Amino acid sequence: MSDSILEVSNLRTSFFTDDGEVPAVDGISFSIKEGEILGVVGESGCGKSVTSLSIMGLLPHPQGKIVGGQIMYEGKDISHLKEAEMRKLRGNDLAMIFQEPMTSLNPVFTIGEQLTEAIRLHNHMSKQEQNNRAVELLKLVGLPRATELLKEYPHELSGGMRQRVMIAIAMSCNPKVLIADEPTTALDVTIQAQILDLMLKLNQETHTAIMLITHDLGVVAQVCKRVVVMYGGKIVEEGDVKDIFNHPKHPYTEGLIKSIPDLYSKKDKLYSIKGSVPKPGSIKKGCLFAPRCDYVMDKCKEQVPELLGSGHKSRCFLHQDEA
Amino acid sequence: MSESLQDSAKLSPEKERSLFVQGLIDFWKQFRKNKPAIVGFLIVLFFILIAIFAKQIAPQGINDQNIAIRLQPPSAKHLLGTDDFGRDILSRIVFGAQLSLRVGFFAVIGSIIVGTFFGVIAGYFGKLIDTVISRFFDILLAFPSILLSIAIVTILGPSLNNALVAIAIVNVPVFGRLVRSRVLTVKEEEYIMAARSIGMGNTRIIMKHILPNSFAPIIVQGTLNIATAILDAAGLGFLGMGAQPPQPEWGTMLSESRQYITNAPWTVIFPGLAIILVVIGFNLMGDGLRDALDPRMKN
């Protein structure tokens, strides 16, 4: 796949705690093509955020560490780059937006100061040019009154506006890959839709590849073409968004889809996958999902299934023969 | 569209100024609620004005001696009386305000600069460097402050400026630890991570994000510490380790006149009163600043 801009292969990230090594991401591989939107779905604690922090080189120091695998960005392994080189990539090539727009902006500086700061970081421009670029960016992310906004402080903005500003800051240097770590989770539903539309628009206009991390399958259905489903630090299913929604192979994905509340059903209870995400490292043998799986077989408790299939891959013994 | 754009561009510097003014007004409203703080502020203002206009206010020079009128009680001519050389005590106290405030301000500014530097390094980089700096602060704090300043002055030689340096050094760990604890909190904020994710380096993150968000408690602690610094300087002066006679430093004046405390108490009372007033003023103002600057106290 030569057109992949970012290719993660067999990435393993562990946290080193007092209790020893805890694997948070355990051998995942995926790739993002230029201008593509890839969805990464999974419950809390399944390693989504750790994956993105690994790519950005922002793992908490010194507990978190990449212990294996490669992260190829434009054909170059960036998983063990020096901090100074990594810093050049951040912003310019890779950018990230975070879950909490409320706390992602510095409260003591105006929007303009923070935006021009980001612009100045990677470009040499005159003050006037910086300001013009800042206004342009704010308009790009659909904020009205751009010139006035530059002079306002984060607390004067709503959550949705702040997330737009965060996106503007992330887009300030035209990154090739934008990692969005649950960008809509902290926002209410109408704003969520607007932010997703905005990301789609940015993707089309600037051709920035987006890795959209979320636990919300509805979000994925709305914007992504390809989806990676993660569970317990591993990829359990990967494929085209339509295939996954219409024919989920892995019982976990099936459970996730069933968990989406249906407006028209009159059931008293909402569906939920029984049990909860296992603590990383607590399951030593067999499929990680086996204790919660409805279709569990004896084999599942003994062996770990491989991620198999062409195009639409899954990590489940139910579908091993198909591949 | 372009017209409205221009309009808003024209408005913006005004809006910027009005935001700053609005911040000041909010601060003043909050500060004003605290009556003791206002009293403290007025006392401090009073002494600052005295120090600035010392030449105009003082009825006589600092060292105008006249043995014929030595140890006279307060009178219309010498409002606060005269000391054992016949010098006008009011004039000496007025000029002494310059010395005391100077020591207070510069000692605190010195310790803020040095303390902030080490505190930020310790808090931001952590690990070994934090352990080394923090343990060094602990060692400095283990000494009684006046003892440590005496030791430093003994090494440097007794003078007002060396006393200032000594007081600054003694206060460094106070600010260092304060800044370190603020940095530990601030560096975990999400905007720091966001700043890293667009490629900001450590220096820029510290200067742009960590320091501005750590400064409110430093201002408060600084104001309170000016009072301690003035007190320490007077203490050192009293012990003969600070300002040297005939400098009209308040502590030195106390020390020079203490043998006359029974027959000419005014030689001791008024310099002492000046010290007490300034210290009370800064303490009250510092408390008020803390209340006004602490967002949790706002309602």
Seminar exercise, completed: Placing each pseudo-label 7 Å from Cα in the direction of the beta carbon, A:D77 and A:A221 end up separated by a distance in nanometres of 4.1 nm
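Based on the alpha-carbon gyration tensor of chain B and its eigenvalue square roots a ≥ b ≥ c, which shape applies: rounded if a/c is under 1.5, prolate if not and a/b is larger than b/c, or oblate? Display every interim value, and only then the final one.
Working: a/c = 2.92, a/b = 1.62, b/c = 1.80.
Verdict is oblate for chain B.
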Exercise. With labels modelled as points extended 7 Å from the Cα through the Cβ direction, what inter-label distance (nm, one decimal) is found for A:Y295 paired with A:R120?
Worked result: 5.8 nm
For this session: Could you give the DSSP H helices of chain B that reach 24 angstrom or more along their long axis (alpha carbon positions) and whose average Kyte-Doolittle hydropathy is no lower than -0.5?
Result: B:35-52, B:89-125, B:160-186, B:215-238, B:266-293
Exercise. In degrees between 0 and 90, to the nearest 10, how far off the longest principal axis of chain A does helix A:159-171 point, with axes built from Cα atoms?
Worked result: 80 degrees
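Roughly how big is the stretch A:105-174's charge dipole about its Cα centre, with Cβ charges of +1 (Lys, Arg) and -1 (Asp, Glu), in debye to the nearest 20?
On the way: 8 positive and 7 negative charges, 22 e Å.
For the stretch A:105-174, the charge dipole is close to 100 debye.
Provide the gained length on full extension for the span A:S29 to A:I257, in nm with one decimal, where the gain is 0.36 nm per separating residue minus the Cα-Cα distance. Don't skip to the end; give the middle numbers.
Numbers: separation 228, 0.36 × 228 = 82.08 nm, distance 2.29 nm.
Roughly 79.8 nm would be gained on extension.
What ranking, highest mean first, results for peptides A:11-19, A:194-202 when packing means the other Cβ atoms within 10 Å averaged over each residue? Mind dumping the intermediate values first?
Details: A:11-19: 15.7, A:194-202: 18.4.
So the order, starting with the most tightly packed, is A:194-202, A:11-19.
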Problem set entry | Förster radius 51 Å - calculated FRET efficiency between B:I129 and B:N63 (Cβ-Cβ, nearest 0.05) | 0.50
For this session: Taking 7 Å along the Cα-to-C-beta vector as the label spot, tell me the A:E21-B:I276 distance in nanometres, rounded to one decimal.
Result: 7.0 nm
Seminar exercise, completed: Any residue on another chain or 5+ positions along whose placed amide H is under 5 Å from the amide H of A:Y231 is listed here as A:V236
For this session: Would you mind working out the magnitude of the charge dipole of the stretch B:188-250 relative to its Cα centre, with +1 at each Lys and Arg C-beta and -1 at each Asp and Glu C-beta, to the nearest 20 Debye?
Result: 260 debye
Exercise. For peptide A:84-92, how many partner chain Cβ atoms fall within 10 Å of a residue's Cβ, on average?
Worked result: 3
Exercise. Looking only at other chains, what is the average number of their beta-carbon atoms within 10 angstrom of each beta-carbon in A:103-111?
Worked result: 6
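Roughly how big is the stretch A:93-239's charge dipole about its Cα centre, with Cβ charges of +1 (Lys, Arg) and -1 (Asp, Glu), in debye to the nearest 20?
Working: 13 positive and 17 negative charges, 68 e Å.
So the dipole magnitude of the stretch A:93-239 works out to roughly 320 debye.
Classify the stretch A:182-232: rounded, prolate or oblate, from the alpha-carbon gyration tensor (a ≥ b ≥ c, eigenvalue square roots; a/c under 1.5 rounded; otherwise prolate if a/b is larger than b/c)? Write out the running numbers ahead of the final one.
Values: a/c = 2.06, a/b = 1.13, b/c = 1.82.
Here the stretch A:182-232 falls in the oblate category.
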For this session: Would you please give the residues with an amide H less than 5 Å from that of A:G69, counting only those at least 5 places away or on a separate chain, with H modeled from the backbone geometry?
Result: A:R12
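Taking a 25 Å limit on the Cα-Cα distance, which of the listed pairs A:K201/A:K225; A:K82/B:K187; A:K249/A:K274; A:K234/A:K279; A:K88/A:K279 fall beyond it?
A:K88/A:K279
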For this session: Set Lys and Arg Cβ to +1 and Asp and Glu Cβ to -1, take the dipole of chain B about its Cα centre, and tell me which of B:L178, B:A37, B:A227 lies farthest positive.
Result: B:L178
Problem set entry | Förster radius 41 Å - calculated FRET efficiency between A:S9 and A:T185 (Cβ-Cβ, nearest 0.05) | 0.90
Problem set entry | GNM flexibility winner over chain B from B:S75, B:S145, B:S197 (Cα, springs under 10 Å) | B:S197
Exercise. Which one of B:I112, B:L147, B:Y260 is farthest out on the positive end of the charge dipole of chain B, using unit charges on Cβ (Lys, Arg +1; Asp, Glu -1) and the Cα centre as origin?
Worked result: B:I112
Seminar exercise, completed: Residues meeting the amide H criterion for A:I5 (H placed from the backbone, H to H distance under 5 Å, 5 or more places apart or on another chain) are A:I32, A:K33, A:E34
Exercise. Where the centre of each part is set by its Cα atoms, how far does the stretch A:82-132 sit from the stretch A:208-267, in angstrom?
Worked result: 32 Å
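No value in this document is a laboratory result; all are computed from the given coordinates. Keep in mind the model is a prediction, meaning the values are calculated, not measured. Reconstructed Cβ throughout: ideal geometry from the backbone, glycine too, with neighbour counts over all protein chains shown.
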